[in-house]
1. With every protein chain present, what is the per residue accessible area of the chain (1.4 Å probe, Å²)?
2. Relative to the first principal axis of the alpha-carbon coordinates of the chain, what is the inclination of helix 12-22, with its axis defined by its Cα atoms, in degrees from 0 to 90 and to the nearest 10?
3. Rounded to the nearest whole Å³, what is the per residue volume of the convex hull around the Cα atoms of the chain?
4. At 1.4 Å probe size, with the rest of the protein present, what percent of the exposed accessible area of the chain is carbon and sulfur atoms?
5. Considering only protein heavy atoms, what is the solvent-accessible area of ILE30 at a probe of 1.4 Å, reported in Å² to the nearest 10?
6. Helix 25-50 sits at what angle to the longest principal axis of the chain, using alpha carbons and giving 0 to 90 degrees rounded to 10?
7. For the chain, find the longest principal axis of its Cα atoms and tell me its angle to the long axis of helix 118-140, 0 to 90°, nearest 10.
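The values are calculated or read from the model by the stated rules, or taken from the named source; none is laboratory data. Quick caveat, the model's predicted, so the values are computed rather than measured. For accessibility, only protein heavy atoms count, side chains too; no ligands or nucleic acids. Shrake-Rupley method; radii C 1.70, N 1.55, O 1.52, S 1.80 Å.
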Amino acid sequence: MTGLIDGSLSTLAPIFAIALHTHKPFDAFIAGVATAIGAGISMAFSEGLSDTGELTGRGNPYVRGSITGVGTFIGGILHTLPFLLSNYHAALIFAIVVVAFELVALAALRWRFFETSFASSFLSVTIGGAVIAGVSAALGTA
């Protein structure tokens, strides 16, 4: 879950900043792929190195790191794929729709597996996404 949330949120800023700044969908796609890969590797190492599993009983660090890294990559690559469309406006709109789907899916997963209210989960994830979207829009249009 941590990987999916991190990948979905932390990769928004570079992808959308490049898209808004250059108006070139393929440039945003390249930035998104690089960001998703880098974030996935970073989260894999961070999770794997943060705990041997002996103290907390959280399991094998290689398995935890792999799961978190793959989740982060998936969370970051999903809203990158629309930028394969050559039309800037279509790519941007499709990417925004994918981000909205991701936010709803993350809230549903938190509601289902962590027994939090859907509204609370959706609000938490959406606030994070909105702050990041604001930052990326400000940087991309500067």
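1. 55 Å²
2. Roughly 10 degrees between the two axes.
3. On the way: hull volume 13.9 nm³, N = 142.
Dividing the Cα hull volume of the chain by its residue count gives 98 Å³.
4. On the way: 5770 of 7790 Å².
Here it works out to 74 percent.
5. We get 90 Å² for ILE30.
6. Orientation of helix 25-50: about 10 degrees from the principal axis.
7. In the chain, helix 118-140 runs at an angle near 50 degrees to the longest axis.
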